[in-house]
Amino acid sequence: MAVSLVRVWDGRGDLLAFSGPGTERVRIETGRTARTSLTLRRSGLDAAAPPAPPLDEHVAVGPGEAPPAWLPCADVIVRDAPSRALAALRSDYPGCLVAAVASRSGGWELAVAGWRFALVPLGRAAAAAAAADDVASYASAVHAWVASGRPVGALGTATLTLARVRGGTDQGGGSDRASCSLTASSWGDFRTA
């Protein structure tokens, strides 16, 4: 989906029962003891909503083609074609908190609040590299992380693990899992972006 409203809930708790098709869970680990589990739902997948209010709501544009009119409104922008530099994307759309672009070397770069990260696929994902839809989920999780007041700098060595629910549960064989680590790179040119 090129444009979507993403709602994010913190933790698992009551949300265990709310794991229908379209649910995504992103676990962020910033150290041995610092783990956060986020549940993501995108508009258009299921009209039902969990009972608790979301931790974060944002408009995500991309991956794929989207009407250009949505870009100035986007909180998260994901571009899977490496035609635009990350700095240019951030300066063209200053209201965007998180931007992710495919790099010319085949990886992904992500910028948020004056920081730039490289997404490095781990495990099974390393063979095929991170898919654009996975990167969009990671970018939405990073948005929720920052919007909830957590420190951006803690993501410099974080590992993100995505579980996308295909059936009615994320237990056993009902989900796809991929992991990436975030590594800090070239901070200087993004401090003013």
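The values are calculated or read from the model by the stated rules, or taken from the named source; none is laboratory data. Remember, predicted model here, so these are calculated numbers, not experimental data. We place every Cβ from the backbone using ideal geometry, glycine too, and count neighbours over all the protein chains shown. Remember, those area values only see protein heavy atoms, side chains included, never the ligands or the DNA or RNA. Shrake-Rupley method; radii C 1.70, N 1.55, O 1.52, S 1.80 Å.
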Quiz prompt | Span from the region 80-122 Cα centroid across to the region 133-160 one, whole angstrom | solution = 13 Å
Quiz prompt | Sequence of Glu109, Glu57 from largest to smallest accessible area, 1.4 Å probe | solution = Glu57, Glu109
Quiz item: Amide H of Trp108: which non-local residues (sequence gap of 5 or more, or other chain) have their own amide H closer than 5 Å, using H built in the peptide plane?
Solution: Ser103, Leu119
Quiz item: Non-local amide H neighbours of Asp56 (under 5 Å, H modeled in plane, Pro and chain starts lacking H): which ones?
Solution: Val8
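So how do 148-156, 100-108 stack up, highest first, on mean other-Cβ count within 10 Å?
On the way: 148-156: 14.1, 100-108: 17.6.
Going from most to least packed, we get 100-108, 148-156.
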